[in-house]
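The structure appears right after this line, and notes come after that.
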Amino acid sequence: MTKVLFLNHILQVKKCNSCPTHLVQYVIFNLKNAVQYLDRIYTSQDWITLLLLCCIIITTVVKIAYPLRFQEFLKLPLSNKYFFVFGKNDPIYHLFNVLLFIPQAICVALLLYKVIAWQHPTMLLDTSFLFIKILGGFVGFVVAKIILEKTIGIILNIENIIHQYVYQKLSYRNLMSVLFLIMLFIVAYITPINKEIMIVFCLVTLVINAIALFYSYKTNRKLIITNFFYFILYLCALEISPYIILYKVFM
C-alpha cells in the first residue's frame, strides 16, 4: 500500500510541467526516504501472537490442574479467603505461582514494549532484542527483590510475616496478568495504544494494587502499629525506592 501511494505521488509530481526540475528531484528523494523509513519501522505481530497464545495456554493448564485453587484465586479482589485456604503453608515457589508468573512476566514485558513503541518508536530500530532485554530485566528485578525481602525476614527473625506478605503480593500481581493480557489483545488487534487506554489501564491497576495493600496491611495491622518506624523504613527502602530507581533508569 505504501509503495502504491509512493508511485502515485511520483506520477503526479512528474506530470507537473510548471515544477522546476530540482524541486521534482527533491520531492522524489524525500518520498523514497519516507517509504524506506516506514518499511523499516514496520514490525510483524506474529511473535506477539505466539507469546499471547503461550500465556493463554499456560493459564488454561493451571486452571485445569488446580480448578478449586484457580477459582478462589480469581476472587482475590473481592475476598482474601484464598490466602487462608491455600497460602498458609505453601512456599512462594509453588508450581501454581511459578506457572502464573510466566504469563505475568511476558505480559508486563510486552506491555512495556508496546509503550516504548508508542512513545519512542526509534528505539525499536536502535536497540536489538528489546523485548528480551525488558523480559530479562523484569524477571531479574522480581527475583532479586524476593530474595532480598526473604533475607531481611531471616535477619530480623520475621520470616513468616515476610513470607505471607511476599506471597500475597505475588498472588495479586499474578492476577493482574489477566488484566495485562486483555489490555495487550486490545492494543495489538483492536485499537493502537493511546493516552485514554493508558489512563484507564493505570487506574484499574492502581485499584487492584490498593486492594492488595489493604488486605496485606489489614492482616498485619497489629504488627505494623507496634513497629511503625520499621514499617515506614521497609516501605521506603523496598517498596518505593526500587521503582523510582527503575523509572530513572528506564527514562
Can you confirm whether the stretch 154-167 contains a residue that is in the same structural domain as Tyr215 (by TED's automatic domain parsing) and within 19 Å of Pro103 (Cα to Cα)? yes
With the checklist (1) in the same structural domain as Tyr82 (by TED's automatic domain parsing); (2) surrounded by 11 or more Cβ atoms within 10 Å (Cβ to Cβ) in hand, flag the one item Asn227 doesn't pass. (1)
May I ask you to list the residues in the stretch 122-149 that are closer than 19 Å to Asn97 by Cα and without any contact (Cβ under 8 Å) to a residue 24 or more places away in the chain? Gly136, Gly140, Val143, Ala144, Ile147
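The values are calculated or read from the model by the stated rules, or taken from the named source; none is laboratory data. Quantities reported herein were computed from a predicted structural model and do not represent experimental measurements. Ideal geometry is used to build each Cβ from the backbone, glycine not excepted, and the neighbour counts take in all protein chains shown.
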